[in-house]
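The block underneath contains the structure these notes are about, expressed in C-alpha cells.
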Amino acid sequence: MSKEILSTNGEKLGEITLNKEVFGVEPNLHVMHLALRRQLNNARQGSACAKTRAEVAGGGRKPWKQKGTGRARAGSLRSPLFAGGGVVFGPKPRDYGFSMPQKARKLALKSALSSKEGQLVVVKDFSTIAEPKTKLMVSALKSLNVSGKTLIIADVKADENKNLELSARNIPSVKIILPSNLNVKDLLEADFVVMTESAVNDITERLQ
C-alpha cells in the first residue's frame with residue numbers, strides 16, 4: 001500500500017510505501033481499548049485522600065457520660081456518625097496504573113494507525129514554513145485539505161521542521177507529537193493525522 005508524499009503547499013513530490021504490518025493490520029478493538037484505559041489510568045494522580053476517624057483532629061474526650069442521658073452511647077465526636085467526624089472507607093492515595101505486554105502495546109498502536117489510514121497525510125517536511133507564523137501553518141493545512149482535530153507527527157528538533165512548533169501552537173485544533181511519543185489516545189481523537197516522511201520511517205522501524 002502506498003501514499004502520496006506531499007509538500008506543505010499540496011504538491012505531489014512522490015510516493016511512499018506503507019508497511020502493511022504497521023499501517024494495514026486488522027484493528028483490534030479490545031487491545032486498543034486496553035491501551036487507552038492504561039494511558040488514561042497511568043495519567044491519574046491518585047492523590048485523593050480522606051481522613052479516617054483515627055486521623056481527624058480532636059475527639060479525645062467522651063462527649064457525654066455512658067449512661068443516664070437517654071442518648072445513644074458515644075465515645076468520640078470524631079466518629080463517622082458525627083459532622084466533622086472521620087470518613088468510612090474514604091479514598092486514600094493509590095496508583096491506578098496497570099501494565100500491558102509490549103507486544104500488546106505495539107499491536108494497539110498498529111491498530112490505531114491502521115484505523116486512521118484513510119485520514120493519513122504524508123508530507124516531505126515542513127521546510128516551507130520559513131518563519132514562525134501561524135498564518136503560514138493555517139495555509140499549509142488548507143493546502144493539505146486537512147480540517148478538524150489534526151495530529152502532526154514530526155521531529156520538531158530537525159532543522160527542516162524548526163518553525164513547526166511555534167507556527168502551530170496557537171491553533172487549538174492542532175497537536176504536535178514526536179514519533180517516539182506516538183500514543184493510542186491522540187491517534188483515536190484526531191480527525192486527520194499528518195506525518196512527515198521521516199516520522200513514517202521511524203514509526204515503521206519501531207513497530208515492525
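The values are calculated or read from the model by the stated rules, or taken from the named source; none is laboratory data. This structure is a prediction, so every number in the text was calculated from the model and none was measured. Note that we place each Cβ from the backbone using ideal geometry, even for glycine, and neighbour counts take in every protein chain shown. Accessible surface areas use protein heavy atoms only, side chains included; no ligands, DNA or RNA. Shrake-Rupley method; radii C 1.70, N 1.55, O 1.52, S 1.80 Å.
Observations on the model:
- Within segment 141-154, the set of residues being outside any loop (DSSP other than H, G, I, E, B), open to solvent by 10 Å² or more (accessible area, probe 1.4 Å) and polar (S, T, N, Q) comprises just one member, SER143.
- All positions within segment 169-184 that are in contact with a Leu (Cβ under 9 Å, 6 or more places away or on another chain) and open to solvent by 60 Å² or more (accessible area, probe 1.4 Å): LYS175
- Any hit, segment 132-151, residues being at positive phi and not hydrophobic (A, V, I, L, M, F, W, C): yes
- Near pairs, Cβ below 7 angstrom, 6+ apart or cross-chain, from segment 178-196 (part of a helix (DSSP H, G or I)) to any residue that is open to solvent by 40 Å² or more (accessible area, probe 1.4 Å) and acidic (Asp, Glu): PRO179/ASP155; PRO179/ASP202
- Per-region count, segment 43-60, residues in contact (Cβ under 8 Å) with a residue 12 or more places away in the chain and closer than 18 Å to PRO91 by Cβ: 12
- Per-region count, segment 105-135, residues open to solvent by less than 40 Å² (accessible area, probe 1.4 Å), over 23 Å from the mean Cα position of the chain (by Cα) and of a type in the set (D, E, K, R): 1
- Among residues of segment 155-168 being farther than 9 Å from PHE126 by Cα and not in a helix (DSSP H, G or I), the one that is most open to solvent (accessible area, probe 1.4 Å) is LYS157.
- Residues being within 13 Å of SER7 (Cα to Cα) and either acidic (Asp, Glu) or not in a helix (DSSP H, G or I) (or both) - total across segment 129-140: 1
- The residues of segment 14-46 that are more than 30 Å from GLY97 (Cβ to Cβ) and either open to solvent by 100 Å² or more (accessible area, probe 1.4 Å) or part of a helix (DSSP H, G or I) (or both), listed by number, are GLU15, THR17, LYS20.
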